[in-house]
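Data first, discussion second: the structure below is written as structure tokens.
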Amino acid sequence: MAPAVTLVRLLCGSILLIGMTTGQAAPQPSGFTRVPNNIIRALIQALTRQTSVPTVTRSVNPADQTRSLTPIIVGSQRIGDVTRRTRNPLITSRRADTTRVLPIDEIIERAESTSATIRREDQRQLTGQGSLVIEGDIVLDQWELTDMDKQIRLDRLEEQLMINLPEARKNDMAFRDRLRARLERRETTSPVRQKRAATRSSRRRWPNALVNVRIASSGFTRAQKNRIAESMNEISEKTCICFNIISRAQALDRVPHVRIRNGNGCRSRVGRNLRNQGGTRSQDLTLAPRCRITRIATHEFLHVIGLFHEQSRPDRSQFVNIFMRNVEPGKRGNFRRLSRLTVDSRGLPYDYRSIMHYSNRAFSRNGRFTIVPRPRANRNQFLNRIGRSTEMSRNDAEVIRRMYSCPSSPNTSQSSCSGYPYRFP
Ligand SMILES: [Zn+2]
């Protein structure tokens, strides 16, 4: 019997011929598929040959400064600005509509490049920290990004195998496990893999669900500090995460903490990822003046605690269509789907109401949709809903409770954290 030949077309464009030896007349034992080692080796080689990573570096464009800006005020909060270039009717509308909510990604996008001074400072910081990559409002090390790419390829490869090998039935767990084990073993030998392994694991979580914070830049007004504290209150009320505001002396005493600072844009790292900087053991949460509103602070703090963007979930393709052709060139990395090894959704369903979801026109280059819920029923219900949450959804809270093994029935009326309600000096 001739070997069955299956074509696996990897997304990177290479085509791999796989000879699949099925064996003579012997029927496959049920629940088990033999995959010869040479095939797995060939797969791994094809996988690891593709090492180029699309790098998203921030463009520092002086033209950004020329936009004309009109502040949008809701209540006493300035929630954003109208710029001439926007084509979103929700924003260009001049009606006095106080319920209007700017999409999270719009605020994040416009918070960049606010002044040349900040840009220089920010650039210094970025170069000082090695090769950092900015994905929307997430800051990643180059190795994190490289590794995510690798994991995505791994996921896709597995998916392709499942589709293309008739013998590899979906419920064939023995095959799946064996393939995954082989690929993982190969990946483990690379330094990249070893470093990343923590993203999903406990190393990126904050011990005892306690996050030390400090505002490390001057120029934060009392109102801004209160809004940041409000977001910390919300997180502590809905989860078992506690915050602890530390002093400058404690910071210099190398108490590990999140350094809230001024800078270009609104951005954070994902999970606990401390480094030695300025005599402290800390990681930065950058909040340009426009980001100092409660919902943006909440969004960024949830990155700190360990959440990625909802639209990056491994299973997102079932729930949203991404229109890459409408995305600004250089911003396409924001629409990256992350692998199951990077993101653990902990059994919770896709959540259009997540405060970690971007809006339908996020990073659009032409005013057209970039993210559209699917299928049609979801589109109708959520198209104008995504990216507009003003507080954590029930599932945002639940995923954190599961991630940090919070007590199953949290006292939601009042936080039990010692410093609650929080107040910055
Ligand atoms: Zn974000």
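Computed quantities for the displayed model
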read-out: Matching residues, region 293-334, being within 11 Å of the ligand (Cβ to nearest atom), at pLDDT below 95 and among the hydroxyl-bearing types (Ser, Thr, Tyr); value: Ser312
read-out: Flag for Phe308 being under 16 Å from the mean Cα position of the chain (by Cα) and in a helix (DSSP H, G or I); value: no
read-out: Lone qualifier among Arg353, Arg290, Arg346, Arg337 - being outside any helix (DSSP H, G or I), within 16 Å of the ligand (Cβ to nearest atom), surrounded by fewer than 22 Cβ atoms within 10 Å (Cβ to Cβ) and at pLDDT below 95; value: Arg337
read-out: Residues of region 356-384 classified as β-branched (Val, Ile, Thr) and within 16 Å of the ligand (Cβ to nearest atom), total; value: 2
read-out: Odd one out for Ile371, checked against (1) surrounded by 15 or more Cβ atoms within 10 Å (Cβ to Cβ); (2) more than 16 Å from the chain's Cα centre (by Cα); (3) touching a residue at least 12 places away in the same chain (Cβ under 8 Å); value: (2)
read-out: Qualifying residue in region 123-137 (condition: in a loop (DSSP other than H, G, I, E, B), modelled with pLDDT under 60 and more than 16 Å from the ligand (Cβ to nearest atom)); value: yes
read-out: When residues of region 261-278 are limited to those that are more than 14 Å from Val139 (Cβ to Cβ) and modelled with pLDDT of 90 or more, the one farthest from the ligand (Cβ to nearest atom); value: Asn276
read-out: Test: Val255 is assigned to a loop (DSSP other than H, G, I, E, B), more than 21 Å from Thr146 (Cβ to Cβ) and modelled with pLDDT of 95 or more; value: yes
read-out: Yes/no for Asp284 being in contact (Cβ under 8 Å) with a residue 24 or more places away in the chain and in a loop (DSSP other than H, G, I, E, B); value: no
read-out: Looking only at region 146-172, and only at residues there that are charged (D, E, K, R) and modelled with pLDDT of 65 or more, the one that is surrounded by the most Cβ atoms within 10 Å (Cβ to Cβ); value: Asp147
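One line per residue, one yes/no per condition, for (1) among the aromatic types (Phe, Trp, Tyr); (2) farther than 14 Å from Arg423 by Cβ; (3) touching a residue at least 60 places away in the same chain (Cβ under 8 Å):
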{"site": "Ser218", "(1), (2), (3)": "no, yes, no"}
{"site": "Glu237", "(1), (2), (3)": "no, yes, yes"}
{"site": "Phe243", "(1), (2), (3)": "yes, no, yes"}
{"site": "Asp253", "(1), (2), (3)": "no, yes, no"}
{"site": "Pro256", "(1), (2), (3)": "no, yes, no"}
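The values are calculated or read from the model by the stated rules, or taken from the named source; none is laboratory data. Keep in mind it's a predicted model, so treat the numbers as computed, not measured. In this analysis, Cβ positions are derived from the backbone assuming ideal geometry, glycine residues included, and neighbour counts consider all displayed protein chains.
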